[in-house]
1. Which one of these does Val263 not meet: (1) open to solvent by less than 10 Å² (accessible area, probe 1.4 Å); (2) out of contact with any helix residue (DSSP H, G or I) (no Cβ under 6 Å at 6 or more places or on another chain)?
2. Is it the case that segment 190-213 has a residue that's without any contact (Cβ under 8 Å) to a residue 24 or more places away in the chain and open to solvent by 10 Å² or more (accessible area, probe 1.4 Å)?
3. Criterion first (loosely packed, with under 15 Cβ neighbours inside 10 Å, over 25 Å from His375 (Cα atoms) and not assigned by the TED database to the domain that holds Ser407) does Thr136 satisfy it?
4. Take the residues in segment 37-66 that are part of a strand (DSSP E or B), touching a residue at least 24 places away in the same chain (Cβ under 8 Å) and out of contact with any Gly (no Cβ under 9 Å at 6 or more places or on another chain); name whichever of them is surrounded by the most Cβ atoms within 10 Å (Cβ to Cβ).
5. Quick one: in segment 365-381, which of the residues that are open to solvent by less than 10 Å² (accessible area, probe 1.4 Å) and over 16 Å from the mean Cα position of the chain (by Cα) is nearest to Val40 (Cα to Cα)?
6. Can you report the number of residues in segment 67-94 which are open to solvent by less than 50 Å² (accessible area, probe 1.4 Å), acidic (Asp, Glu) and at pLDDT 90 or above?
7. From Gly97, Gly154, grab the single residue that is surrounded by fewer than 18 Cβ atoms within 10 Å (Cβ to Cβ), small (Gly, Ala, Ser) and assigned to a helix (DSSP H, G or I).
8. In segment 331-364, how many are modelled with pLDDT of 85 or more and open to solvent by 50 Å² or more (accessible area, probe 1.4 Å)?
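The values are calculated or read from the model by the stated rules, or taken from the named source; none is laboratory data. This is a predicted model, so every value here is computed, not measured. Here the Cβ is made from the backbone with ideal geometry for all residues, glycine too, and neighbour counts use every protein chain on show. Quick note on the areas: whole protein, heavy atoms, side chains included, nothing else; ligands and nucleic acids left out. Shrake-Rupley method; radii C 1.70, N 1.55, O 1.52, S 1.80 Å.
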Amino acid sequence: MMSFPQQGFAPPGARFATLEPAAKRPRFEGAGAGQAIAEVRFSDVNATQQALTLNGSALEGQAISVELDARSKDGTKIIVRNLPDGIDFRRLKDFFGQCGPVAFADVKRVSSTPITGQVRFSTPEQAQVALELNGTVLDGHEIAMKVHAGSKDGTKLQIFNIPPHMEWQELKDFFNQNGLPPIFCEATSAESITAEVRFADAQMAQHAVTSLNGGILGGAQIQVVVDQMSSDQTKLVVSNIPAGIEWQELKDHFGQCGTVAFVRTSEDKSGKGSAKGKGVGKGKAVSFVAATNPIMQQMQMMQMQLQMLQQKAAQGGCFGPGFAAAGAGFGGKGAMNFACGKGKGKGSRLSGPPELKAWIGNLPEEIKWKELQEHMEKAGKTTWVEVFSGKSAGTGAVIFKTAEEASNAVATLNGSELGGAKIVVDAWVPKARDEEEGAAPPA
């Protein structure tokens with residue numbers, strides 16, 4: 001059984017879910033590493049019924065499985081499995097277009113690595129009751145929960161070892177069925193991440209390799225090796241980490257082997273401290289554990305500057321049009337953080353043809369640009385995503401590659417759920433100084 005010794009945990013197995021037995025619950029069987037699962041929604045039930053007749057038919061030489069989504073209240077959504085490698089939503093949409101108008105299509109890659117999630121409740125008392133579900137088995141995965149380290153009021157929980165196919169709606173249903181309705185629920189993507197961990201000396205690093213390689217973190221078996229580029233043998237590369245594991249968890253996990261001087265994950269956006277500079281920090285934020293040694297601090301600073309230059313060259317998004325200066329700040333517990341931001345200002349990326357843009361409203365305050373991007377790409381390829389703050393909080397903007405995809409987003413995603421709220425997706429209406437003010441609500 002997984003356990004977390006931090007304060008605030010309820011005894012494992014104290015209460016079990018009231019869900020149906022695992023054999024009777026909807027599940028994504030056979031979705032191993034590298035396989036994909038698709039969702040397709042039609043404009044009417046007749047098209048859906050026609051699509052169900054394609055079960056067992058060949059799609060690009062692969063016999064596919066087609067079934068009605070048990071959660072579809074109007075009977076217009078299907079689940080497609082056993083898809084050919086590399087297929088995208090456009091080819092899937094074209095294939096099922098023979099059955100009738102396709103409202104949206106989405107292909108999801110499923111790995112065998114468990115995922116993590118976050119859930120917030122109205123009161124600390126509800127969160128404490130929810131902790132009693134620690135140890136519940138969901139589709140063969142024994143989940144573990146703890147109070148989120150960043151939750152000041154004790155209402156936010158972290159959940160580990162979630163089945164890789166599970167989405168936030170299913171996680172929300174899990175708590176609802178146990179009489180604990182959350183006000184916010186999130187499940188990470190199923191892709192695993194990597195991390196760099198540096199110790200104060202080579203002996204500690206080697207101890208971590210010996211002790212933690214092949215061990216379990218967040219329900220997944222991680223791999224720990226010495227970075228071959230590390231001249232002093234103090235830097236480790238950690239792989240197969242469940243998405244959603246934050247740098248603080250890694251620091252705590254590796255801290256049992258010695259003094260951790262540096263931690264960075266491949267998708268760490270949790271940096272605390274103020275990222276100063278024009279624009280909202282929406283690039284990757286990189287978090288460092290502040291070293292007491294001034295030389296080590298200088299080395300960390302130089303490495304961070306190099307990392308930003310690499311991001312600039314590889315992505316072109318942080319320092320391109322709409323330049324936002326990188327900012328640095330010291331957050332709590334000695335963490336030093338940098339954010340490379342996608343910002344507003346002269347030459348903002350919000351400039352351009354309005355037919356490529358969509359205005360988003362009623363966004364929950366917890367939603368970040370990456371989550372909005374993943375949601376909006378159900379309708380098409382995005383080239384720019386921004387969640388506004390300040391007087392425009394709760395709104396955002398998305399730029400699509402084509403006008404058709406922008407129109408599709410308005411037609412199919414307006415009223416869809418994101419972060420527990422029904423969002424508004426509307427056509428962008430140009431107004432005076434739109435690009436400078438940051439938000440252009442529909443007329």
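1. Just one mismatch for Val263, condition (2).
2. Yes, the conditions are met somewhere in segment 190-213.
3. Numbers: loosely packed, with under 15 Cβ neighbours inside 10 Å: no; over 25 Å from His375 (Cα atoms): yes; not assigned by the TED database to the domain that holds Ser407: yes.
Here the answer is no, as Thr136 does not meet what is asked.
4. First, the residues of segment 37-66 that are part of a strand (DSSP E or B): 37-42, 58-59, 62-63, 65-66.
Then keep just the ones that are touching a residue at least 24 places away in the same chain (Cβ under 8 Å); that gives 37-42, 59.
Add one more test, that the residue is out of contact with any Gly (no Cβ under 9 Å at 6 or more places or on another chain), and what stays is 37-41, 59.
On the way: Ile37: 20, Ala38: 22, Glu39: 19, Val40: 27, Arg41: 20, Leu59: 19.
Top of the filtered list is Val40.
5. Per the stated criteria, the residue is Ala379.
6. So the count comes out to 0.
7. Numbers: Gly154 fails: assigned to a helix (DSSP H, G or I).
Every option except Gly97 fails the conditions.
8. Qualifying residue count for the region: 2.
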